[in-house]
Structures are given as C-alpha cells and as structure tokens.
Amino acid sequence: MNEGGDEAPIAITVVVNGTTRQLTASPRLTVADLLREKLGLTGTHLGCEHGVCGACTILIDGESTRSCILYAGQVDGASILTVEGLAAADGTLHPVQEAFRQTFALQCGFCTPGFLMTIVELLGEVADPTDDEIREALSGNLCRCTGYDSIVAAVHDAARSVSR
Amino acid sequence: MKPAPFAYVRAESLAHATALLDTHGDEAKPLAGGQSLGPLLNMRLSSPTLLIDINRIPDLTGPTVHADGTVVVGGLTRHRQLEIDVELGRRVPLAIEAAPYIGHRAIRNRGTLAGSLAHADPAAELPAVVVALDASVTASSVEGERTISAREFFGGYYTTSLRPTELLTRVSFPPAPPRRGCSWLEFAPRLGDYGYVGVAAVVDLDDRNNAMSVEVVFSGVSAVPHRSTITLDLVGSALDTSDLADVASRSSLEIEATGDEAASSGYKRRLMRHLGARALTVARDRARQS
C-alpha cells in the first residue's frame, strides 16, 4: 500500500448488489462516485456531498451509510446494496418501491433512492413502525418536493405489505 | 465537492497506526467513522496527504466493566452501539441518553466515540457528557499511553490536547455513586440537526436525599463544553425545584453564549435556563428513585 503523498490507485474487492467487483480507484474517490462513475449505478445521488441531505444513502453490510463521505479503500471487502439492487431480476418492484408508487411518495425523485435504502434498514428492524418512529428514522433524508406525508404513508404501506 | 489528493493506508494494528502517525505527524489524519472528517475533506478544509484507516484495529470497541465499577469504552465504539447497548445503558445512562441526538442513523452507524471527542465540535454531545461524568481519555502513541482528564481535554474550537502523533483509544468513566440520576436534554430546530443547546445534568444524592454533588454541563454555547460552577451552591441541599431553576438561570449568565444567525446569544441563554432547569429536575427525580 502506498504510504506516500501521491494518490496512487488502490485495488479493492467489493460486492455490489450481489455481484463481486474488483476495481482500482484513486484513494480519494468517494464511494458515491465509485458507484456512479466506475459502475454506472447512477441511482445513488449527490446532493450536498457532506453527509447532511441523505440523497447518497446506501446500505453497507446492511447499515445505512452516507456514500459521499466514504472513500474507496473503506469498502474493500464490504457488501453494498444500492437502489438498483432493490427490484427483482424480473423487474418486480421491491415492496417499498411499490408503496412509493402507490402513495405518490416521489415527485422529482432526487431524494428517493436515499429514502428507499433508509426505509429498507428501518423495516428490517421494526416491522410496524409508528409515525414518530418513521419520522425519526427518516430525519436524515431531506425532500424538497413532497412535504414528507406521502413518504410516511408509503412506509406504513410497505410495512403492511411486507408483513403479509 | 471532492477532496484534495491523498494516499490511503489501512492500519492493521495500533502499533502500525501510531508508527505512521509518528512518521507523518500532522500531514496524516486517522480515519475512523469519517462522519466529521469526510465533510472537512470534501470541502477541502482539511487536506492531509495520508489517510490512515484505523477501523480494522482490534480491541478498540465495546465497553469493559472493571471490578471497581470503572467502565472503559473503546474509542472505535460507534454511536449506534452506544445507543443500543443495554449493559452500557445501565452503567453510563447519560451516554445512552445523549447518543440518539447525534446526527442521524447513518451518521451513528459509522461515527465513533473517540472521533467525536477528538473532533471537539462545540455543538457535539459527547464532549459535554464526558465532562459531566468526569471521564478520562487515553491517548496512544509510539511513546506509550497517557491519560487526560476530560475536564482538561478540550482547549477551544475543534481543539483538544491530543497531539498529531496520538490516537484516542479509550474513554474511562469512573464508577457511579449508588444514588445517581442523569439527564440529557437538547434542542435543535429539526430532529438530528446540530443542537442549539444541549445540557447534561448529573445528581448524586446521599441516603437522606440531599445532594452530594451536582453537575450541569452545556454544549453549543461556547468553544468548549461549559461546566457550570453554580452547582456547587447545591451541595448538601434538598434540591427544591425552585433552587434548581435558580441554578440553571445563574448558570446561563455565567458566560456569554455564542450566538449566530440561527440562534442568538439571548435565545441560547433562555434555552440554557429552561433546559438546564428541566434536566436538573429529571436528574434529581431519577436519583431519588434509585
């Protein structure tokens, strides 16, 4: 490994949406940019690029993570799930995606991938969250379009459909 | 916003990390959770030439309880672990109560105890908590370890007594007296936003319900956690609610709270008064029930 001051590329192995990838990347490449530019997975969005808005949220080893303040070397050996990994291979939407469709929980869609990943984490831990639990869990994802109520409704819908 | 170029190395052991820090000094930065360092890097407010990823260093996470009741928490313990660890919640309830206020879930999944203390953001929760609990931190370097009292650790805005060649590896919380009650309260404009004012209250009672010691420490009002000196007046008292309100009020006048366009100094002073009084009351009631 390079211990000097020049940014020689590093080699990493990372599982993305179930597929193992071997890449070289500049150490300062953020994981958000790695997904978008090296792997063409542009569903993960760049909003603030300092960890505040949540648009870049992905799941790493099941945990919601801001990919904009994460650097390539940090995901060597990790397993990443992005929004592109939610729907089934045949295109059937994930229950959370379907719920968003049903409750009109997106308009421009920019914040949506980040919300979806955060909600997948939430519903993996709390089967039937209350409004307060939902709003607290989603407090780190900002939406400028919807006013959030339709998003909260989508989470309730998804919780019901997952439990069926 | 992209960071300036840096090299990246993953430290496999504490010795490896401290050796690198010794060689590179302030040209290198340790990378733990990255939730505070990442924004600085991306905005180029920090441009180290080397990032030392310390996340794989073994034996730096989780709490250990010693025979005398001292609780030692590894520096790499994530805020999320602080939030949900039941045993730690019994032993250091103030840390568990403050942890959910730290940012948002994604931040807490990665952010670490040592990182928060070393970064020393004036609005951060954990610096106020460790000052309130009279904890101490251990700094490790190639020269060995040194222990620093939390009450002497914070020097100014984003400034601590940690040297560039040192890693903050653990935090020790002294054993809690048997009749202790704590409370953490914080006000922020939205859930998870940086708090305008946070307050830690710690009340220790004797078996006649009189105060042996009372601590009130505020975050967000000065460069370093503000530890009230007015609480000394409460020692030996029965802690009537009006006395607690009076102490909170006088504590809010001890300093000129740093205001900004979001929250003026006067507004923060009022928050100190109200939150301080409430936190002291809750802490007292919890101590009485113990």
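Bear in mind these aren't lab numbers, they're just calculated from the coordinates by the rules spelled out. Predicted model only: the values in this text are computed from it and were never measured. Glycine gets a Cβ as well: all are built from the backbone with ideal geometry, and neighbour counts include every protein chain shown.
Please arrange B:154, A:104, A:110 by counting, for each residue, the other beta carbons lying within 10 Å of its beta carbon, fewest first. Write out the running numbers ahead of the final one.
On the way: B:154 23, A:104 12, A:110 17.
Lowest count first: A:104, A:110, B:154.
Over all alpha-carbon pairs of the stretch B:1-101, lay out the pair-distance distribution in 5 Å bins, whole %, shortest bin first.
The distribution over the stretch B:1-101 is 2, 12, 18, 18, 15, 14, 12, 6, 2, 0, given as percents.
With only Lys, Arg, Asp and Glu charged, each at its Cβ (+1 for the first two, -1 for the last two), find how big the charge dipole of chain B is about the Cα centre; round to the nearest 20 debye.
Numbers: 30 positive and 33 negative charges, 145 e Å.
Charge dipole of chain B: 700 debye, to the nearest 20.
If a/c stays under 1.5 just call it rounded; otherwise compare a/b with b/c (prolate if a/b is bigger, oblate if not). Do that for the protein assembly as shown, with a ≥ b ≥ c from the square roots of the Cα gyration tensor eigenvalues. Working shown, then result.
Working: a/c = 1.97, a/b = 1.33, b/c = 1.48.
Oblate.
Based on other C-beta atoms within 10 Å, arrange A:52, B:72 from fewest to most. Working shown, then result.
Working: A:52 20, B:72 16.
With the fewest neighbours first, A:52, B:72 line up as B:72, A:52.
For every helix of n ≥ 4 consecutive DSSP H residues, a contribution of -39,500 (n - 2.57) applies; sum these over chain A, divide by its total residues, and give [θ] at 222 nm rounded to the nearest 500 deg cm²/dmol. List each step's numbers first, then the result.
On the way: 4 runs with 45 residues, N = 164.
Mean residue ellipticity at 222 nm (helix-derived): -8500 deg cm²/dmol.
What is the local net charge at residue B:259, summed over the other residues whose Cβ is closer than 13 Å to its Cβ (Lys, Arg +1; Asp, Glu -1)? Before the final figure, lay out the partial values.
Values: positive: B:268, B:269, B:270; negative: B:256, B:260, B:261.
Once positives and negatives cancel, what remains is 0.
Normalised by the residues of chain B, what does the relative contact order come to in percent, with Cα pairs under 8 Å and at least six apart?
Numbers: 653 pairs, mean separation 44.8, N = 290.
For chain B, the relative contact order is 15 percent.
Residue-wise, which Karplus ³J(HN,Hα) couplings in Hz belong to the stretch B:195-200, taking 6.51 cos²θ - 1.76 cosθ + 1.60, θ = phi - 60°, and x for glycine or proline?
x, 5, 9, x, 9, 10
Report the local net charge at residue B:66: Lys and Arg +1, Asp and Glu -1, summed over other residues whose C-beta lies under 13 Å from its C-beta. If you can, show how the numbers build up before the last one.
Details: positive: B:91, B:170; negative: B:68.
It works out to a net charge of +1.
By the gyration tensor of its Cα atoms, with a ≥ b ≥ c the square roots of the eigenvalues, what is the shape of chain B: rounded for a/c under 1.5, prolate for a/b over b/c, or oblate? Before the final figure, lay out each step's value.
Details: a/c = 2.18, a/b = 1.53, b/c = 1.43.
The shape class here is prolate.
So what's the angle, to the nearest 10 degrees on a 0 to 90 scale, between helix A:149-163 and the longest Cα principal axis of chain A?
With both axes taken from Cα atoms, the answer is about 90 degrees.
Taking the number of other C-beta atoms within 10 Å as the exposure measure, put B:8, B:267, B:157 in order starting with the fewest. Mind dumping the intermediate values first?
Details: B:8 25, B:267 15, B:157 12.
So the ranking, lowest neighbour count to highest, is B:157, B:267, B:8.
Radius of gyration and Dmax for the stretch A:53-164's Cα atoms, expressed in Å?
For the stretch A:53-164, the Cα-based Rg and Dmax read 13.6, 40 Å.
Based on the Kirkwood radius over alpha-carbon pairs, what is the Stokes-Einstein translational diffusion coefficient of the stretch B:101-239 at 10 °C with 1.306 mPa s viscosity, in µm²/s?
Values: Rh = 15.9 Å.
Estimated diffusion coefficient is 100 µm²/s.
For the charge dipole of the protein assembly as shown, defined by +1 on Lys and Arg C-beta atoms and -1 on Asp and Glu C-beta atoms about the Cα centroid, which residue among B:177, B:217, B:67 has the Cα displaced farthest towards the positive pole?
The residue sitting farthest along the positive end of the dipole is B:217.
Give the average, rounded to an integer, of partner chain Cβ atoms located within 10 angstrom of each Cβ in A:125-137. Provide the component values of the computation, followed by the final result.
On the way: counts 1, 0, 0, 0, 0, 0, 0, 1, 0, 0, 1, 5, 3.
Mean shielding by partner chains, rounded to a whole number: 1.
Normalising by the residue count of chain A, find the relative contact order in percent from Cα pairs under 8 Å and 6+ residues apart. Before the final figure, lay out the partial values.
On the way: 282 pairs, mean separation 36.9, N = 164.
In percent, rounded to a whole number, it is 23.
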